[in-house]
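Below: the structure, in structure tokens.
The values are calculated or read from the model by the stated rules, or taken from the named source; none is laboratory data. Treat the numbers as computed from the prediction; the structure is a model and nothing was measured. Cβ: placed from backbone, ideal geometry, glycine included. Neighbour counts: every protein chain shown.
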Amino acid sequence: MRGRLCRDTMTREATSKITVRALSEAVGAEISGVDLANTIDDATFAVIHDAWLEHGVLRFRDQQLGDKEFVAFSRRFGDLDFAPVDGHGQAAVAGFPEVFVISNVVENDVSIGSLGDGELLWHTDMAYTVAPPKASSLYALSVSNAGGETGYIDMITAYETLPTALNAQIEGRTIKHDAVYTLDGYLRDGSGDRLDPEKIDVSSIEGPSHPIARTHPETGRKALYLGRRQNTFINGMTVANSEALLNALWDHVKAQENNATWHQSWRVGDLLIWDNRRVMHRRNAFPADAKRIMHRTQIQGDKPV
């Protein structure tokens, strides 16, 4: 009880300095009154962390951060992963191996980042790893004037609204996630070779398996955990039956887009951090001649259960 009273007192003090405003009924909240370039005291971070668990996605606007400050803030949520190996662009910022560059900019015939300017479909970051990151944070350095919005969908809502028959079909089942190809179709080995869907056998492709419905380790709530549609496979089924069940699950998720999503329109200085254990995200395409530069960090997580 004593510890609880202490935490409540800290929270009241912190809330006098910052505000939390929901951005939609489903997911997303904006935090105001915090300069992330400065050290954040424990009371303020407690409010931020509680809001993150409650809303799934947090937005901080008008930040002015170097990579050192960006990494320091991200690390408040836990240990950071290093940027993944990339074969068609810059992998990480020099001196900051935790910072991954996401950009369509090409300088001297070399991409300064990854993932280009095209649409990126719904996915969960790095579901193809044994212990996927619990959170991802994205900081905007340069943005396009049109397009490029990032959408978030609440997978707790998606799970809780599953039809009874569909829920029964996924009970105890796991999905194998493709560890061979990236979201934009490149081999993860850095060779630069591209995906040929006609030559892929999803039942034999390498990758870890995770429960289709995972339990959030901090809130105890269940969420659908689908990773992405590309090259996934439900273990213990034929390919045809796996594809049919995956299609049904994804149809259900897409049916929730009107009541369980929020979309971020980016401004320079925006920083977003989201809970990969609860939400999926996607990106709209943007003009190829726009210069968009984002820096990303990822906070280490646990094996989904």
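A few notes on this one:
Residues are listed down the side, and each one gets a yes or a no for (1) within 20 Å of ARG59 (Cβ to Cβ); (2) surrounded by 13 or more Cβ atoms within 10 Å (Cβ to Cβ); (3) modelled with pLDDT of 95 or more:
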{"site": "SER191", "(1), (2), (3)": "no, no, no"}
{"site": "PHE233", "(1), (2), (3)": "no, yes, yes"}
{"site": "TRP250", "(1), (2), (3)": "no, yes, yes"}
{"site": "ALA260", "(1), (2), (3)": "yes, yes, yes"}
{"site": "GLY269", "(1), (2), (3)": "yes, yes, yes"}
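- Criterion (in contact with a Gly (Cβ under 9 Å, 6 or more places away or on another chain) and without any contact (Cβ under 8 Å) to a residue 60 or more places away in the chain) met by exactly one of ASN276, ASN241, ASN231, ASN284: ASN231
- Only one of ARG188, ARG194 that is under 26 Å from VAL71 (Cβ atoms) and not hydrophobic (A, V, I, L, M, F, W, C): ARG188
- Qualifying position, being in contact with a Leu (Cβ under 7 Å, 6 or more places away or on another chain), small (Gly, Ala, Ser) and either in a loop (DSSP other than H, G, I, E, B) or surrounded by 14 or more Cβ atoms within 10 Å (Cβ to Cβ) (or both), among SER137, SER203, SER144: SER137
- Residue match in region 125-137 (condition: closer than 23 Å to GLY66 by Cβ, in contact (Cβ under 8 Å) with a residue 40 or more places away in the chain and hydrophobic (A, V, I, L, M, F, W, C)): yes
- Taking (1) more than 30 Å from ALA92 (Cβ to Cβ); (2) surrounded by 13 or more Cβ atoms within 10 Å (Cβ to Cβ); (3) in contact with a Ser or Thr (Cβ under 7 Å, 6 or more places away or on another chain) in turn, GLN169 satisfies each apart from (3).
- Flag if ILE205 is under 28 Å from GLN300 (Cα atoms) and touching a residue at least 60 places away in the same chain (Cβ under 8 Å): no
Here is a yes/no grid of residues against (1) touching a residue at least 60 places away in the same chain (Cβ under 8 Å); (2) out of contact with any Asp or Glu (no Cβ under 7 Å at 6 or more places or on another chain); (3) within 19 Å of GLY269 (Cβ to Cβ); (4) not small (Gly, Ala, Ser):
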| site | (1), (2), (3), (4) |
| --- | --- |
| LEU23 | yes, no, yes, yes |
| ALA43 | no, no, no, no |
| ARG61 | yes, no, yes, yes |
| LEU65 | yes, yes, yes, yes |
| VAL71 | yes, no, yes, yes |
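- Listed conditions (1) of a type outside the set (Gly, Ala, Ser); (2) touching a helix residue (DSSP H, G or I) at 6+ places or on another chain (Cβ under 6 Å); (3) crowded, with 21+ Cβ neighbours inside 10 Å are all met by TYR128, apart from (2).
- The number of residues in region 235-275 being part of a strand (DSSP E or B) and either of a type in the set (Val, Ile, Thr) or over 20 Å from the mean Cα position of the chain (by Cα) (or both) comes to 2.
- Any hit, region 176-184, residues being touching a Ser or Thr at 6+ places or on another chain (Cβ under 8 Å) and of a type in the set (Lys, Arg): yes
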